[in-house]
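The values are calculated or read from the model by the stated rules, or taken from the named source; none is laboratory data. These numbers come from a predicted model, not from an experiment. Using ideal geometry, Cβ is built from the backbone for each residue, glycine included, and neighbour counts are taken over all protein chains shown.
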Amino acid sequence: MTTHEFLLRSKVQVSAARLFAWHMRRGAFERLAPPWEEPIVDSPFARPEVGGTVHLQVPVAPGVRFRWISEFKDVKDGESFRDVQQTGPFDSFDHTHRFEPVSDHESVMEDRIQYRLPFGFLGDLLGASVVRRKLAATFGYRHRALAKDLAVHARAPREALRVLVTGSTGFVGRALVSFLESGGHEVCRLTRRPAANAREIEFDPERGAAHPSEMEGFDAVIHLAGDPIAKGRWTEAKKRLIRHSRVPFTRRLSETLGALRRPPAVLVSASATGYYGDRADRILRESDPPGEGFLPEVCLQWEAATEPAKHAGIRVVHLRTGLVLSANGGALQPMLLPFRLGLGGRLGSGRQWWSFIALDDLLYLIHHVLMTGSIQGPVNATSPEPVTNADFTNELGRVLRRPAVVPVPKFALELALGAMTEPLLLASARVNPEKLLDSGFEFSYPSLDSALRHVLGRG
């Protein structure tokens, strides 16, 4: 039985002590999980200590998860820690995380893994190259993403913020919470159900907060809640739910925040590029008026519902978000299977403009908005390089190394999806993030190629 070794080292522009401290924080493990694998953590958060364990459900194939239990060993403060598989898909898996100082502002991060595959010679023959490629993709992603995260946090003031988040169970909300927590910020979730712990506050959109005093003293509120627009056909009941889950909730939240003795300094409230409607080839900036139709109407009312917070002196920012790219949610996820099967292609004419943003860029953008007091009002949360649907689908096929030559005509989309087809897939919105660029924000993944390679592990 062969013992294999995987090693990856990279320089990081922070001290070894800060790098080690980052790994000890809540949210760190989730931030390191690649979006195409996203494990489920079954054990409560605990700082790595000798003898401690972490319990995971790890995907190994579509719809198949392995239970993985690792035990921490040899934790050396500021230097290294090691975790060893107790239960899992490998015969053995021994992972050492090492942080070597180079200077006061630079260090080397090393991941060294020694592992044995199951099924002996047969496992080595059939699985060795596959496992090595997966490890290279996973840890390559982890090193790149961590370096970006640390650079973003390093540009911010050192004081940790107290942040209240709604919609924390969505794929954007989950990623945002782990990003903020691993950066040292204190995050509390606003939840419709009774609070399960001290990091949750119950808030029913019909009645408001169960205990309004618990909402006092937060530095920022990030409001992402809303019924998923693309989930389910747009019946009249679904359209009422889309509107009702946004407009009254946002108004009640804004009224509650505005009435606090110690209100937050900023409310970052979700909106969407659906505000602009179908605008053909026109370049759209934050100053442009809304379009026509159901989504522009909802977005207009959604943004207007924050007025009570604005009148109370809270800085309000509306994130007009485009297609958020991630392998585990949003518009990209359902496209991956048909494209991997070689069945992908343009939608309708393919001439409609799609404005996208990589999930991590959206997190960094939100962080930038929190830290930049001059930004207020609508903000286009999209890449500066929008593409047509034909270019999007061609690029996705190229990154996945699959043909993208099976177009889906408009009538077929309407037959399958109904009323949502035109506003969600065929409407053209060529959006420019003018406010962000003027404020000095730098996108990490501005091009579609860089964004897709990052979220799909093809970097």
Worksheet item: Within the stretch 357-371, is even one residue part of a loop (DSSP other than H, G, I, E, B), crowded, with 19+ Cβ neighbours inside 10 Å and assigned by TED's automatic domain parsing to the domain that holds LEU180?
Response: no
Practice prompt. Within the stretch 34-44, track down each residue that is touching a strand residue (DSSP E or B) at 6+ places or on another chain (Cβ under 9 Å) and either in a strand (DSSP E or B) or closer than 25 Å to ALA147 by Cβ (or both).
Written response: PRO35, TRP36, GLU37, GLU38, PRO39, ILE40, VAL41
Fill in: VAL298 being among the aliphatic types (A, V, I, L, M) and either out of contact with any Pro (no Cβ under 9 Å at 6 or more places or on another chain) or assigned to a helix (DSSP H, G or I) (or both)
yes
Worksheet item: Just for the stretch 301-351: of the residues that are assigned to a helix (DSSP H, G or I) and closer than 21 Å to LEU413 by Cβ, which one is nearest to the chain's Cα centre (by Cα)?
Response: GLN333
Discussion item. I'd like to know if the stretch 418-432 contains one or more residues that are free of Cβ contacts under 8 Å to residues at least 24 places away in the same chain, touching a Leu at 6+ places or on another chain (Cβ under 9 Å) and within 14 Å of SER349 (Cα to Cα).
Written reply: yes
Item to complete: Say whether the condition of being within 23 Å of the chain's Cα centre (by Cα), assigned to a loop (DSSP other than H, G, I, E, B) and within 23 Å of LEU336 (Cβ to Cβ) is met by at least one residue in the stretch 56-77.
Response: yes
Item to complete: May I ask you to verify whether GLY274 is surrounded by 15 or more Cβ atoms within 10 Å (Cβ to Cβ), of a type outside the set (Lys, Arg), part of a helix (DSSP H, G or I) and under 23 Å from the mean Cα position of the chain (by Cα)?
Response: yes
Worksheet item: When the stretch 381-416 is examined, which residues are found to be buried (at least 16 other Cβ atoms within 10 Å of the Cβ) and of a type in the set (A, V, I, L, M, F, W, C)?
Response: ALA381, VAL387, ALA390, PHE392, LEU396, VAL399, LEU400, ALA404, VAL408, LEU413
Discussion item. Scan the stretch 97-109 and tell me whether some residue there is more than 28 Å from the chain's Cα centre (by Cα) and surrounded by 14 or more Cβ atoms within 10 Å (Cβ to Cβ).
Written reply: yes
Discussion item. Give all pairs with beta carbons closer than 7 Å in which a residue from the stretch 43-55 that is surrounded by fewer than 12 Cβ atoms within 10 Å (Cβ to Cβ) meets a residue that is in a loop (DSSP other than H, G, I, E, B); count only pairs at least 6 apart in sequence or on separate chains.
Written reply: ALA46/GLY52
Response to the item:
Going through the stretch 427-438 in order, the residues found to be surrounded by fewer than 19 Cβ atoms within 10 Å (Cβ to Cβ) and in contact with a strand residue (DSSP E or B) (Cβ under 9 Å, 6 or more places away or on another chain) are GLU434
Worksheet item: Tell me, which helices (runs of 4 or more DSSP H) lie completely within the stretch 159-264 with 1 or more residues that are more than 30 Å from LEU417 (Cα to Cα)?
Response: 171-182, 247-258
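Table: residues versus (1) more than 21 Å from SER269 (Cβ to Cβ); (2) assigned by TED's automatic domain parsing to the domain that holds ARG31; (3) in contact with a Cys (Cβ under 8 Å, 6 or more places away or on another chain); (4) part of a loop (DSSP other than H, G, I, E, B).
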position	(1), (2), (3), (4)
ILE375	no, no, no, yes
PRO378	no, no, no, no
GLU385	yes, no, no, yes
VAL399	yes, no, no, no
ALA412	yes, no, no, no
LEU415	yes, no, no, no
GLU422	yes, no, no, no
TYR445	yes, no, no, yes
SER450	yes, no, no, no
Discussion item. I'd like to verify a number: residues in the stretch 174-213 that are touching a strand residue (DSSP E or B) at 6+ places or on another chain (Cβ under 6 Å) and of a type in the set (Phe, Trp, Tyr), how many?
Written reply: 1
